[in-house]
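Asker: Below is a structure I'd like to ask you about.
The values are calculated or read from the model by the stated rules, or taken from the named source; none is laboratory data. These numbers were taken from a predicted model, which means no experiment stands behind them. All Cβ positions, even for glycine, are placed from backbone atoms using ideal geometry, and neighbour counts span all protein chains on display. The accessibility values were calculated without ligands, DNA or RNA, using every heavy atom of the protein model including side chains. Shrake-Rupley method; radii C 1.70, N 1.55, O 1.52, S 1.80 Å.
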Amino acid sequence: MADGGIDMSMRTCETTGCDKSARLQCPTCIKLGIDGSFFCSQECFKGNWSEHKKIHKKEKQKSSIVDDVALAKQGKYNPWPGYIYTGKLRPFPTSPKREVPDHIERPDYADHPEGYAASEMTMRGNTQIKQLTKAEIEGMRTACRLAREVLDIGAKAVAVGVTADEIDRIVHEACVERNCYPSPLNYYNFPKSCCTSVNEVICHGIPDKRPLENGDIVNIDVTVYHNGYHGDLNETLFVGKIDERSKRLVKVTHECLMHAIEEVKPGDRKSVV
């Protein structure tokens, strides 16, 4: 432990329940440039070590991401050596996995080490489509309405210079505020709370630290889990001023979707859609 060498009369020990004045500062925090981290004694510091060292880990992760982003901007960051890209887009670093509060109901894969969806796998090969009761339909409608709210909030953040990782943070927090679990998170170890697919990425893109650029198109795919139901929807958005070819792609895709929705009615076969 290092003596701060400055007036510590207003400093108190950071150990929970200890209100003694503190003069000793964590040397690792000093090295990493972390403010605070003062303790009254070696004993308090050692007793709090298991929790305190988490601060170091977070700071090191942050520094590592900053370094990787700098490499990505130079075109030198490549987590998948040997992968053949189909366009100009390249991956950027991602932030650590976000946490969901314990009080929020979660699907069976949420806490599985491999993200295994057991309930989904039990339905494999089952050709029967369950007919929902009125109460179940209402539960589905609620999940879908909440998903729409979350997607609208994420869509408002789309702008030149905003990263997909920031959109993921906004979507994650909007889910939690509505007591929803962000369904993509940990589904077969998917690391984020929504999917963001930019330009030539077809679908299920992983939100990363790449800033959106003028002329990009980005699809935000949101699914929420609420009271046992998943609400799933997505939308493609323009970033800044885009070219006519991209506009036409999005316009025609939306027209196809609306024509398909018109065909969804009792008695029609799925093949018609």
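Asker: Mind giving me the nanometre distance, one decimal, between the label points for GLU99 and LYS73, set 7 Å out from Cα along Cα→Cβ?
Answerer: 3.0 nm
Asker: Under a 1.4 Å probe, what is the accessible area of the stretch 67-210 per residue, stated in Å²?
Answerer: Per-residue accessible area for the stretch 67-210 comes out at 60 Å².
Asker: Among all cysteines in the chain, which have no other cysteine Cβ under 4.7 Å from their own Cβ?
Answerer: CYS44, CYS144, CYS194, CYS195, CYS203, CYS256
Asker: Which net charge results when you count Lys and Arg as +1 and Asp and Glu as -1 among the other residues whose beta-carbon is under 15 Å from that of VAL100?
Answerer: Charge balance in the 15 Å sphere: -2.
Asker: Quick check: from the Cα gyration tensor, does the stretch 124-273 come out rounded (a/c under 1.5), prolate or oblate?
Answerer: Because a/c hits 1.5 or more and a/b fails to exceed b/c, the stretch 124-273 counts as oblate.
Asker: What percent do you get for the relative contact order of the stretch 108-233 when only Cα pairs under 8 Å and 6+ apart count?
Answerer: Result for the stretch 108-233 is 31 percent.
Asker: Treat every Asp and Glu Cβ in the chain as -1 and every Lys and Arg Cβ as +1, leave all other atoms uncharged, and give the resulting dipole magnitude about the Cα centre to the nearest 20 debye.
Answerer: For this selection, approximately 480 debye.
Asker: Could you tell me which GluC sites (Glu not before Pro) in the stretch 122-209 are loop residues by DSSP with no more than 16 other beta carbons within 10 angstrom of their beta carbon?
Answerer: Counting only loop positions with at most 16 other Cβ atoms within 10 Å, the GluC sites (Glu not before Pro) in the stretch 122-209 are GLU200.
Asker: Same structure, new question: Give the calculated FRET efficiency between HIS112 and ASP19 to the nearest 0.05, with a Förster radius of 45 Å applied to their Cβ-Cβ distance.
Answerer: 0.60
Asker: Give a quick list of trypsin sites (Lys or Arg not before Pro) in the stretch 188-273 that DSSP marks as loop, anything other than H, G, I, E or B, with at most 12 other Cβ atoms within 10 Å.
Answerer: The qualifying sites are LYS241, ARG269, LYS270.
Asker: With r defined as the distance between the Cβ atoms of LYS57 and LYS241 and R0 fixed at 51 Å, what FRET efficiency is calculated, to the nearest 0.05?
Answerer: E(calc), rounded to 0.05, equals 0.75.
Asker: Cross-link list LYS76/LYS97; LYS46/LYS97; LYS58/LYS241: which exceed 32 angstrom alpha carbon to alpha carbon?
Answerer: Correct reply: LYS58/LYS241.
Asker: Also, quick follow-up: At 0.36 nm per residue, and after removing the present C-alpha to C-alpha distance, how many nm does the segment from VAL252 to GLU43 gain when stretched out fully?
Answerer: Gain on extension, VAL252 to GLU43, equals 68.5 nm.
Asker: What is the extension gain from ARG148 to HIS230, computed as 0.36 nm multiplied by their sequence separation minus the C-alpha to C-alpha distance, in nm to one decimal?
Answerer: The ARG148-HIS230 span can extend by a further 28.3 nm.
Asker: Write down the Kirkwood hydrodynamic radius of the chain, to one decimal in angstroms, obtained as one divided by the mean of 1/r over all alpha carbon pairs.
Answerer: For the chain, inverting the mean 1/r across all distinct Cα pairs yields 22.3 Å.
Asker: Here's another thing I want to ask about it. Suppose a student asked you for the relative contact order of the chain, using Cα pairs under 8 Å spaced at least 6 residues apart; what percent would you report?
Answerer: Relative contact order of the chain: 14 percent.
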